[in-house]
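Report on one structure; see the data block that follows.
The values are calculated or read from the model by the stated rules, or taken from the named source; none is laboratory data. These numbers were taken from a predicted model, which means no experiment stands behind them. Positions of Cβ are generated from backbone atoms using ideal geometry, with glycine treated the same way; all protein chains shown enter the neighbour counts.
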Amino acid sequence: MELKPKPPYSSYNPWFLYPFAIWVIGGGIAQIVFDRQILFAIVNTHHASWMDELMVSTTRMGEGVFGGIILLLLLGMKSFRNWWFFSAAIACNLLPALLTQAIKSAVNAPRPLNYFKDAPWIHYQPTWERLMER
């Protein structure tokens, strides 16, 4: 009896990869064809009040407090209490934050809401002041 080798694991998922490829290629073409102001205006002039609230909440989920709470909850589970998970969790939360701040300092570009603040088409909420900071 001859054993066939198992094919290597592949995470090929056309339901994700094809739309993602279209998004990346379309976004690249849009950035070549249009300037920043037009692209930002296209996105910013299409909004809904319920999405304003949802996106502010989603944005705040990326802050350290939310991640810290999730990590503490996971560390409460016995299967996650090991040095490998702990070091990976710290690295996956700390390194992107440090890299993001380093890039922001190196580029020193204004936030879009600060850059377009006086534009008549800008959609802006007074509660977004904190989101306009670096």
Identify, from the list ASN82, ASN93, ASN114, the residue that is in contact with a Gly (Cβ under 7 Å, 6 or more places away or on another chain) and not basic (Lys, Arg). ASN93
Can you find a residue in region 70-86 that is farther than 23 Å from ILE42 by Cβ, assigned to a helix (DSSP H, G or I), modelled with pLDDT of 85 or more and of a type in the set (Val, Ile, Thr)? yes
Find the helices (runs of 4 or more DSSP H) located wholly in region 1-61 whose residues include 3 or more that are more than 19 Å from the chain's Cα centre (by Cα), and list them. 14-33, 36-44
Considering every residue within region 83-99, establish whether at least one is closer than 24 Å to GLN31 by Cα and touching a residue at least 24 places away in the same chain (Cβ under 8 Å). no
Looking across region 96-116 at residues that are aliphatic (A, V, I, L, M) and closer than 20 Å to TRP128 by Cα, the single one that is modelled with the lowest pLDDT is LEU113
Take the residues in region 1-40 that are of a type in the set (S, T, N, Q) and under 24 Å from ARG111 (Cβ atoms), then tell me which one is surrounded by the most Cβ atoms within 10 Å (Cβ to Cβ). GLN37
Hey, can you tell me all the residues within region 111-129 that are of a type in the set (Ser, Thr, Tyr) and part of a helix (DSSP H, G or I)? TYR115, THR127
